[in-house]
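Student: Attaching a single structure in structure tokens format; questions to follow.
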Amino acid sequence: MASNQDGRGRGIGMLTDYQRKVLRILYNYKSGRRRLPTVHELTVKTGKHKPDVLTALDALVAAEYIHWEDRSNTANIVILEGWEREGERPKVDHTRSSGNIDYWTQY
């Protein structure tokens, strides 16, 4: 039976942490500053080099989170989805911890 996860238990279609960070920076710039960041601003905000930024942007295009037809400038990016899709988010176990919270809540 085929699995939709890679060897580390993550879904193949999921964004990496870095891709998710770039997507959030794009979204926040657009909503807060009414413009998109330049590649240089993305390198400063992420601490990565230009090839890494461009690779992340290419991955976001391939995953259809952004549309970037004229790649001469990041101002030409159209954000299609500003958040990672629900089905692709990492699952968080919401079970109660074994810690004793009674001390703080039972008085």
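The values are calculated or read from the model by the stated rules, or taken from the named source; none is laboratory data. These numbers were taken from a predicted model, which means no experiment stands behind them. Positions of Cβ are generated from backbone atoms using ideal geometry, with glycine treated the same way; all protein chains shown enter the neighbour counts. For the accessible areas, the whole protein counts, side chains as well, though only heavy atoms, and no ligand, DNA or RNA atoms are used. Shrake-Rupley method; radii C 1.70, N 1.55, O 1.52, S 1.80 Å.
Student: Check each of the GluC sites (Glu not before Pro) in the stretch 26-85 and keep only those in coil by DSSP with at most 15 other C-beta atoms within 10 angstrom; list them in order. Working shown, then result.
Tutor: Details: sites: 41, 64, 69, 81, 84; in loops: 64, 69, 81, 84.
Of the GluC sites (Glu not before Pro), the ones in loops of the stretch 26-85 whose Cβ has at most 15 other Cβ atoms within 10 Å are 64, 69, 81.
Student: Could you order 40, 67 by accessible surface area, starting with the largest, using a probe radius of 1.4 Å? Please report the intermediate quantities before stating the final value.
Tutor: Working: 40 125, 67 85 Å².
Heavy-atom accessible area, descending, gives 40, 67.
Student: At what distance in nm do the modelled label points of residue 80 and residue 28 sit from each other, each positioned 7 Å from its Cα along Cα→Cβ?
Tutor: The modelled label-to-label distance comes out at 2.4 nm.
Student: Just the accessible area for residue 105, please: 1.4 Å probe, Å², rounded to the nearest 10?
Tutor: Accessible area of residue 105: about 70 Å².
Student: Ok, one more. To the nearest 10 Å², what's residue 31's accessible area with a 1.4 Å probe?
Tutor: Solvent-accessible area, nearest 10 Å²: 60 Å².
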